[in-house]
Amino acid sequence: MDITVNQKTYSLSQVCSVVHMLQTVIQHPLTGIAVAVNQQIISKADWGNYLLQPGDQVTIIKATQGG
């Protein structure tokens, strides 16, 4: 199945959770980020249970400091 993460397409061999996608597919740290799937923010507490579906559009937002 294909998903899009920040405008880049990834092919996954099976349905996976947000945590699995972050750790193994794109190898992104789990800290300092927020994740939205199809423009819906997913609570970090739900990342392990939220299963991605074919065609999902994932956006990873990095926290920044500023003032």
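The values are calculated or read from the model by the stated rules, or taken from the named source; none is laboratory data. Here the structure is a predicted model, which means the values were calculated and not measured. Note that each Cβ is placed from the backbone with ideal geometry, even for glycine, and that neighbours are counted across all protein chains shown. Each accessible area value is taken on the protein alone, full model and side chains, heavy atoms only, with ligands, DNA and RNA left out. Shrake-Rupley method; radii C 1.70, N 1.55, O 1.52, S 1.80 Å.
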Please tell me if residue 36 is surrounded by fewer than 11 Cβ atoms within 10 Å (Cβ to Cβ) and aliphatic (A, V, I, L, M).
-> no
Can you tell me which residues in the stretch 46-58 are within 11 Å of residue 18 (Cα to Cα) and not acidic (Asp, Glu)?
-> 47, 48, 49, 50, 51, 52, 53, 58
Name the one entry in 24, 64, 59 that is out of contact with any helix residue (DSSP H, G or I) (no Cβ under 8 Å at 6 or more places or on another chain), of a type outside the set (Asp, Glu) and in a loop (DSSP other than H, G, I, E, B).
-> 64
Please work out which one of (1) under 18 Å from residue 1 (Cα atoms); (2) assigned to a strand (DSSP E or B) is the condition residue 53 fails and give its number.
-> (2)
If you take the residues of the stretch 39-49 that are in a loop (DSSP other than H, G, I, E, B) and over 10 Å from the mean Cα position of the chain (by Cα), which of them is surrounded by the fewest Cβ atoms within 10 Å (Cβ to Cβ)?
-> 39
Close pairs from the stretch 37-62: first at pLDDT 95 or above, partner polar (S, T, N, Q) and assigned to a loop (DSSP other than H, G, I, E, B), Cβ under 7 Å, at least 6 apart = 56/38; 57/38; 59/6; 60/6
Does residue 9 meet the test of being open to solvent by less than 80 Å² (accessible area, probe 1.4 Å), in contact with a strand residue (DSSP E or B) (Cβ under 6 Å, 6 or more places away or on another chain) and at pLDDT 95 or above?
-> no
